[in-house]
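> For reference, the structure I am asking about is given below.
The values are calculated or read from the model by the stated rules, or taken from the named source; none is laboratory data. Model, not experiment: these values are computed from the prediction. Because the Cβ atoms are built from the backbone with ideal geometry, glycine has one as well, and the counts that use them run over all protein chains shown. We work out accessible area using only protein heavy atoms, side chains counted, and drop any ligands, DNA or RNA first. Shrake-Rupley method; radii C 1.70, N 1.55, O 1.52, S 1.80 Å.
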Amino acid sequence: GLNEVTVIVTAENSKNIQKKLLPAIPKVILTELSSVTVRFSPDYMNVPNTVYAILRKLALEFINVIEIVSTYTEITIIVEHKEMLKTFEVLNN
């Protein structure tokens, strides 16, 4: 974003990264997260609402999306670990 940065690291590296970023104080530190990545053809960039269609499926199942990371042909959705199986099932259907 314009005013903040999200840093995603493994639990093992969390403390070390926090020390290196001092004196910055994190807004939040979340643990027990998982992610699923959806890959698609570059052709889908010309199709309106592709990302919306993916997120809508999750919203209809009340899955809380913690973070979204995207590239030209991928969208990675980060959710609480306890929601991972449900997230995968919803996106796989």
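> For the stretch 5-23, check the following and say yes or no: at least one residue is among the small types (Gly, Ala, Ser) and surrounded by 13 or more Cβ atoms within 10 Å (Cβ to Cβ). Give the derivation first.
To start, the set of residues in the stretch 5-23 that are among the small types (Gly, Ala, Ser) comprises 11, 14.
Applying the additional criterion that residues be surrounded by 13 or more Cβ atoms within 10 Å (Cβ to Cβ) yields 14.
Yes, the conditions are met somewhere in the stretch 5-23.
> Filter the stretch 38-67 down to the residues that are closer than 12 Å to Leu91 by Cβ, at pLDDT 95 or above and open to solvent by less than 70 Å² (accessible area, probe 1.4 Å) and list them by number.
Correct list: Leu55, Leu58, Ile63, Val65.
> From Val51, Val5, grab the single residue that is part of a helix (DSSP H, G or I), within 15 Å of the chain's Cα centre (by Cα) and of a type in the set (Val, Ile, Thr).
Exactly one residue qualifies, and that residue is Val51.
> Looking only at the stretch 24-37, decide whether some residue is open to solvent by less than 70 Å² (accessible area, probe 1.4 Å), of a type in the set (S, T, N, Q) and more than 15 Å from the chain's Cα centre (by Cα).
No, there is no match, as no residue in the stretch 24-37 is open to solvent by less than 70 Å² (accessible area, probe 1.4 Å), of a type in the set (S, T, N, Q) and more than 15 Å from the chain's Cα centre (by Cα).
> Okay, next question. Across the stretch 68-93, what is the total count of residues that are open to solvent by 60 Å² or more (accessible area, probe 1.4 Å), more than 11 Å from Val36 (Cα to Cα) and at pLDDT below 95?
4
> Restricting attention to the stretch 54-93, which residues are of a type in the set (Asp, Glu) and assigned to a helix (DSSP H, G or I)?
Glu83, Glu89, listed by residue number.
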